[in-house]
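Asks: Before we start, here is the structure in question, set down as structure tokens.
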Amino acid sequence: MKKGCGTNIQKYDKRIEAMRRRYPPGTEVTLNSMEGESHMPPGLKGKVDMVDDAGQIHVNWENGSSLALVPGVDSFHITDLPRAERPKQQPSR
């Protein structure tokens with residue numbers, strides 16, 4: 001094993017864990033564009049199922065598809081977080 005290889009794996013694992021915190025199951029996303037998938041129109045909404053070990057975001061789309069998003073290739077944005085992940089509202093005064 002090359003020296004420093006373990007460090008790269010640790011960095012990769014931390015990146016995947018950060019993605020899992022950013023896109024927990026139930027997070028609603030909206031597609032801007034998906035490379036090579038003409039049946040996945042811009043504006044399509046879906047809910048995150050999971051982030052895999054390769055960093056792909058698996059989504060259950062409203063059109064019945066379950067294609068994964070590839071960050072850096074596909075374009076999308078978070079529309080809503082699952083209720084448990086939303087920031088707590090401060091009471092009105």
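Laboratory data are not the source of any read-out in this text; all were calculated from the coordinates shown. What you are looking at is a predicted structure, and each value in this text was computed from that prediction instead of being measured. Glycine gets a Cβ as well: all are built from the backbone with ideal geometry, and neighbour counts include every protein chain shown.
Asks: Need one number: nm distance between label points at K11 and D52, each 7 Å from Cα along Cα→Cβ, rounded to one decimal.
Replies: Using points 7 Å along Cα→Cβ, the separation is 2.4 nm.
Asks: What residues of segment 47-61 lie in the reach of a label at H39, counting those whose backbone N is under 12 Å from a point 7 Å from the Cα along Cα→Cβ?
Replies: none
Asks: Moving on to the next point. Within the set of other residues whose C-beta is less than 12 Å from the C-beta of K14, count the net charge using Lys and Arg as +1 and Asp and Glu as -1.
Replies: Net charge in that neighbourhood comes out at +2.
Asks: Further question: When M34, M19 are ordered from fewest to most other Cβ atoms inside 10 Å of their Cβ, what list results?
Replies: M19, M34
Asks: Determine which aspartates and glutamates satisfy two conditions relative to K14: a Cα distance under 12 Å, and not lying fewer than 8 residues away in the same chain.
Replies: D53
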